[in-house]
Amino acid sequence: MKFSKIILPLVLVVPLLFIGCGTKSSSASIQTEITETESETAFIRAKPDSILFKEYYGLKDVYGYEPFYSAKEWMDEDGKLLFPYDEYRYRMEGMSNILASLDVPEEVLQKAATKDVLKVVCEGWLTSGATGPFFDFPSQYINIASANIGVVNELLQRSDMAKAVLDDYCTRNYVLGTETSKSAQEALNQVVFDEILLASNLAFSQMDENMKRQVIDEVMKKLGDAESGKYWTERIRSGFFAYIAEEQEAEGSLWYDYILKNCSNEVKQYLTTNYMSFWL
């Protein structure tokens with residue numbers, strides 16, 4: 001199996017998550033509330049109708065852990081997220097300790113800025129060594145995290161998810177060189193995670209035309225890097241085009257239609273319903 005490199009206990013307890021099908025997602029389906037963060041940016045929290053979203057149930061019963069940090073340790077009085085695990089990364093050894101380190105209280109999740117929620121995902125979860133994009137389907141990489149990691153589940157419920165992910169994506173790239181390393185693996189985890197989210201109907205529905213063009217430009221740049229052979233990508237060419245292909249095959253991709261109508265032949269040539277041409 002292609003996900004054999006992921007920590008074994010996490011794989012064993014979530015076999016039912018490995019389902020690459022669902023309904024076509026173009027918008028959030030259940031509005032809950034509008035929230036103001038410390039940056040005065042309003043967002044709507046809602047459960048999205050998306051292949052990528054799974055109900056969160058966590059792994060406390062499986063691993064028997066208690067969260068390491070309280071709400072006061074996660075957020076100050078001004079609503080600023082504090083990332084307490086940064087100071088104690090040595091404690092993030094083994095799945096139970098990783099989950100305990102990144103278990104953010106619900107009252108904090110409701111208030112935290114989306115960019116900070118994403119930071120816990122990208123610089124906490126995706127650098128923990130607990131996961132990587134080695135699943136059979138691109139969607140499974142997000143599904144397992146959405147069901148078991150509260151910050152990922154929360155991120156998918158934010159109406160400004162696409163903007164936060166795009167801003168993050170533009171700061172990242174694969175590691176130059178062909179040798180396997182911790183930093184190369186972490187960079188791959190982050191780039192591919194961002195790309196799958198950006199490729200979703202959920203993200204597409206949150207973007208204006210300028211954002212869509214920015215996504216395409218950045219995706220094509222990173223695809224060129226992946227195809228150059230100068231970067232460590234573990235044979236993954238593009239999480240973006242891989243997930244477009246998966247979603248197009250499942251229920252139809254908004255990006256697929258958009259690229260056909262609006263992009264150059266250079267971009268169109270990468271449209272396919274065979275996601276494996278971009279995946280492991």
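The values are calculated or read from the model by the stated rules, or taken from the named source; none is laboratory data. The shown structure was predicted, so the numbers you read here are calculated from the model rather than taken from an experiment. Backbone-built Cβ (ideal geometry, glycine too); neighbour counts: all protein chains shown. We work out accessible area using only protein heavy atoms, side chains counted, and drop any ligands, DNA or RNA first. Shrake-Rupley method; radii C 1.70, N 1.55, O 1.52, S 1.80 Å.
Things to note:
- For segment 134-190, carbon and sulfur atoms together expose 55% of the accessible surface, with a 1.4 angstrom probe and every protein chain in place.
- Seen against the Cα atoms of the chain and their longest principal axis, helix 114-123 is set at about 90 degrees.
- Global form of segment 40-165, assessed from the alpha-carbon gyration tensor, a/c cut-off 1.5: oblate
- Taking 0.36 nm per residue of separation and subtracting the current Cα-Cα distance, fully stretching the chain between residue 88 and residue 274 would add 62.7 nm.
- Percent RCO, i.e. relative contact order, over the chain, from Cα pairs under 8 Å lying at least 6 residues apart: 21
- Contact order relative to length of segment 47-177, as percent, for alpha carbon pairs under 8 angstrom and 6 or more apart: 34
- Folded to 0 to 90 degrees: helix 209-228 orientation relative to the chain principal axis, Cα: 80
- Taking the accessible area of segment 72-122, probe 1.4 Å, and keeping the other protein chains in place, the carbon and sulfur fraction comes to 45%.
- Segment 72-115 and segment 137-188 have their alpha-carbon centroids 17 Å apart.
- Prolate/oblate/rounded call for segment 98-211, Cα gyration tensor, a/c under 1.5 rounded: oblate
- For residue 111, the lysines whose Cα falls under 29 Å of its own Cα, not counting residues fewer than eight places away in the same chain, are 24, 47, 54, 60, 72, 80, 119, 163, 212.
- Taking segment 108-132 and a reference point 7 angstrom along Cα→Cβ of residue 78, the backbone N atoms nearer than 20 Å belong to 108-120.
- Counting only protein heavy atoms and a 1.4 Å probe, segment 40-160 has 39 square angstrom of accessible area per residue.
- Protein heavy-atom accessible surface, 1.4 Å probe, per residue over segment 170-224: 40 Å².
- The translational diffusion coefficient of the chain, from Stokes-Einstein at 10 °C and 1.306 mPa s with a Kirkwood hydrodynamic radius over alpha carbon pairs, comes to 84 µm²/s.
- Measuring gaps between exposed loop sites in the chain (GluC sites (Glu not before Pro); DSSP loop; at most 12 other Cβ atoms within 10 Å), the longest gap, sites not included, is 180-280.
- For segment 212-256, the list of trypsin sites (Lys or Arg not before Pro) that fall in a loop by DSSP and count at most 14 other C-beta atoms within 10 angstrom reads 230, 235.
- Rounded, prolate or oblate (a/c below 1.5 giving rounded, otherwise prolate when a/b exceeds b/c) for segment 47-87 by Cα gyration tensor: oblate
- Along each principal axis, taking the top coordinate minus the bottom one, the Cα set of segment 74-139 gives 42, 27, 16 Å in descending order.
- Model label points for residue 235 and residue 136, set 7 angstrom from Cα along the Cα-to-Cβ axis, are 1.7 nm apart.
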